[in-house]
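The values are calculated or read from the model by the stated rules, or taken from the named source; none is laboratory data. Because the structure is predicted, anything quoted here is derived from the model rather than measured. Counting neighbours? That spans all protein chains shown, and the Cβs are built from the backbone with ideal geometry, glycine included. Accessible surface is based on the protein model in full, side chains and every heavy atom, while ligands, DNA and RNA are left aside. Shrake-Rupley method; radii C 1.70, N 1.55, O 1.52, S 1.80 Å.
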Amino acid sequence: MEQQNKYNEELMKFLDRGTSPYHAVLYMKDYLENQGFCELSLKEKWDLKKGERYYINLQSTLIAFDIGMEADHFRITGSHTDSPCFLVKPNPDMQEKNYMKLNIEGYGGSILNTWLDRPLSMAGRVELKGKSVFETETKFVDFQAPVAIIPNVAIHQNREVNKGQELNKQKDMLPIIGICGEEMTKDFFETELAKKIDTTTEEILSYEIFLYPYEKASYVGFQRELISSARLDNLAMFYTNVAALAETRASKSINMMIAFDNEEVGSMTRMGADSMLLSSILYRIANAMNMCEEEYYTMIQRSFLVSCDMAHAIHPNSPEKTDPTNQPKINQGPVIKLSYAKKYTSDSYSTAVFMQICEKAGVPCQVFVNRSDQIGGTTIGPIAASKLAIPSVDIGNPMLSMHSSRELMGAKDIFYLIQALKVFYQE
């Protein structure tokens, strides 16, 4: 119980600090450095040594690995750093009936109404003029204050609201940031952004600023059995991957975790799973260890990938939404995700492997499949596996309210999954 509580407290601290993909990576970068990992640059030649631990910081994507003394295969866990949310558009200031609003764009598949009437803050990345056109100066910013809110329409003016209402992202989801006045003039948002990072609006070239719910992560329930937070999907899995990697040492494998960006919008980006990023890094590791091409490809076939993305638990008020015979429950262990339409990468072999890993770790294990009349989401698993042709399995911790601005998971399940992933790294 003590170790379980420790993991949960660390997770909630991470959830509160990981307010954008950039801040999540910054937090875990510091975590890895404290655990003895050394930074590598993709722009420099690598000189890798067996027995050493390394990480690569790509701002919104993070890779870390530990080279065993007798390594002849990879053990890889994968997750993603992004979550459904909203981003501020360029030239965002809008004045409407004495209100100052922001023009924003939806990112990923959010449950829109969960964003209404919540105090919101903002965090992200700003690009400033630098030494040359290709060397901009990057600043990270987090307002860490409730600076925006998306107000609902009163029930007196919308009597049908509880019968269901379709929200228009361009009309209904624009946040208020204040009341117009002398201080709220043109370029108000960029002026506040410049103040926060101690620069001028003239120096700001561009930005990626995410809105996020201001409330902190917390336990829920009289026995504290649940954890409520924003961004559980998928920072909870990012955390388990890093914690398991840090707490084990490789011997006959190269243990790796990779947290991609842009999973929620299809992964087809430079930092996404549908890029050459993972395969190029694996090849560079093999090359730095003086392996020939043939040795690299045989090494890949001896390797294994665990794609970690949160899973659906059976819902207490809508149990009919879950498959009749496969019904994952919160606090009953990690979930293997299966899809015969190959929305997930799991097959009978990889499923059997992960079941045995859980058994060896002494943790329970569950299975999820969608109802046959529902189309489920997908993960980085099939994408990464198709790039590498590597044996792989899709797993995740069970949760409720996936893609809500505030999600819910079990307080036992982080401990369970870290124990399983530690066995995975040590086998």
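Using the crude model of +1 on Lys and Arg Cβ and -1 on Asp and Glu Cβ, and no other charge, please compute the dipole size for segment 235-275 relative to its Cα centre, in debye to 20.
Approximately 300 debye in magnitude.
With a 1.4 Å probe and every protein chain left in place, work out the accessible area per residue of segment 162-235 in Å², rounded to a whole number.
That works out to 59 Å² for each residue.
So if the hydrodynamic radius of segment 19-85 is defined as the Kirkwood radius over C-alpha pairs, what does Stokes-Einstein give as its diffusion coefficient at 25 °C and 0.890 mPa s, in µm² per second?
Translational diffusion coefficient: 187 µm²/s.
Relative to the Cα centre, what is the charge dipole magnitude of segment 47-116, using +1 at the beta carbon of each Lys and Arg, -1 at the beta carbon of each Asp and Glu, and rounding to the nearest 20 debye?
220
For the full complex of protein chains and a 1.4 angstrom probe, list Ser79, Ser218 by accessible area with the highest value first.
Ser218, Ser79
Which three semi-axes in whole Å describe the equivalent ellipsoid of segment 125-235, each the square root of 5 times a Cα gyration tensor eigenvalue, listed largest first?
33, 23, 14
For segment 1-57 and segment 350-380, compute the distance between their C-alpha centroids and round to whole Å.
26
What is the percent of Cα-Cα separations in segment 122-173 that go past 18 Å?
More than 18 Å apart: 61 percent of the Cα pairs in segment 122-173.
Considering only protein heavy atoms, with the full assembly of protein chains and a 1.4 angstrom probe, order Asp93, Asp47 by accessible area, largest first.
Asp47, Asp93
Please list, short to long, the whole-number percent of alpha-carbon pairs of segment 29-137 in consecutive 5 angstrom bins beginning at zero.
Going out from 0 Å in 5 Å bins, segment 29-137 shows 2, 8, 11, 15, 14, 12, 11, 10, 8, 4, 2, 1, 1, 0 percent.
Anything over 24 Å Cα to Cα? Flag those among Lys139/Lys169; Lys29/Lys337; Lys49/Lys337; Lys89/Lys196; Lys45/Lys139; Lys129/Lys196, in the order listed.
Distance filter (> 24 Å) returns Lys139/Lys169; Lys29/Lys337; Lys49/Lys337; Lys45/Lys139.
For a test of the definition: using alpha carbon positions, the gyration tensor, and the 1.5 limit on a/c, classify segment 189-252 as rounded, prolate or oblate.
Oblate, because a/c is 1.5 or more while a/b does not exceed b/c.
Indicate, rounded to the nearest 5 percent, the antiparallel portion of the DSSP beta bridges found entirely in the chain.
Around 70 percent of the beta bridges assigned by DSSP in the chain are antiparallel ones.
From the P(r) of the chain, could you give the percentage of C-alpha pairs in the tail past 40 Å?
In whole percent, the long-distance tail amounts to 20.
After finding the eigenvalues of the alpha carbon gyration tensor for segment 216-256, what semi-axes result from the square roots of 5 times each, listed largest first in whole Å?
Gyration-tensor ellipsoid for segment 216-256: 30, 12, 6 Å.
Tell me, what % of the accessible area of the chain is carbon and sulfur with a 1.4 angstrom probe?
49
Less than 15 Å Cβ to Cβ from Asn5, Lys/Arg counted +1 and Asp/Glu -1: what total charge do the surrounding residues give?
Net local charge, Asn5 excluded: -1.
Given Val393, Leu40, Ala123, which one lies farthest toward the positive end of the charge dipole of the chain, if we put +1 on the Cβ of every Lys and Arg and -1 on the Cβ of every Asp and Glu?
Result: Val393, furthest along the dipole toward the positive end.
Projected onto the charge dipole of segment 201-357 (+1 at Lys/Arg Cβ, -1 at Asp/Glu Cβ, origin at the Cα centre), which of Thr269, Phe354, Ala217 gives the Cα projection farthest towards the positive end?
Phe354
What span do the alpha-carbon atoms of segment 264-314 cover on each of the three principal axes, reported in whole Å from largest to smallest?
Dimensions of segment 264-314 along the principal axes of its Cα atoms: 47, 25, 13 Å.
Accessible area per residue for segment 351-390 in Å², computed with a 1.4 Å probe and the full protein assembly in place, what is it?
49
Can you give me the Cα centroid spacing of segment 90-127 and segment 316-330 in angstrom?
Spelled out, the Cα-based centre of one part sits 34 Å from the other.
Taking a probe of 1.4 angstrom, what is the accessible area of Val133 in Å², to the nearest 10?
It works out to around 130 Å².
Size of the dipole of segment 128-270 about the Cα centre, Lys and Arg at +1 and Asp and Glu at -1 on the beta carbon, nothing else charged, in debye to 20?
480
What does the charge count around Gln426 come to, taking other residues whose C-beta lies under 9 Å from its C-beta (Lys +1, Arg +1, Asp -1, Glu -1)?
+2
With a ≥ b ≥ c the root eigenvalues of the C-alpha gyration tensor of segment 59-191, is it rounded (a/c under 1.5), prolate (a/b larger than b/c) or oblate?
The shape class here is oblate.
Not counting ligands, DNA or RNA, and with a 1.4 Å probe, what is His403's accessible surface area in Å² rounded to the nearest 10?
Roll a 1.4 Å probe over it and His403 shows about 40 Å².
If eta is 0.890 mPa s and T is 25 °C, what Stokes-Einstein diffusion coefficient results for segment 232-330, Kirkwood Rh from Cα pairs, in µm²/s?
Diffusion coefficient, whole number: 149 µm²/s.
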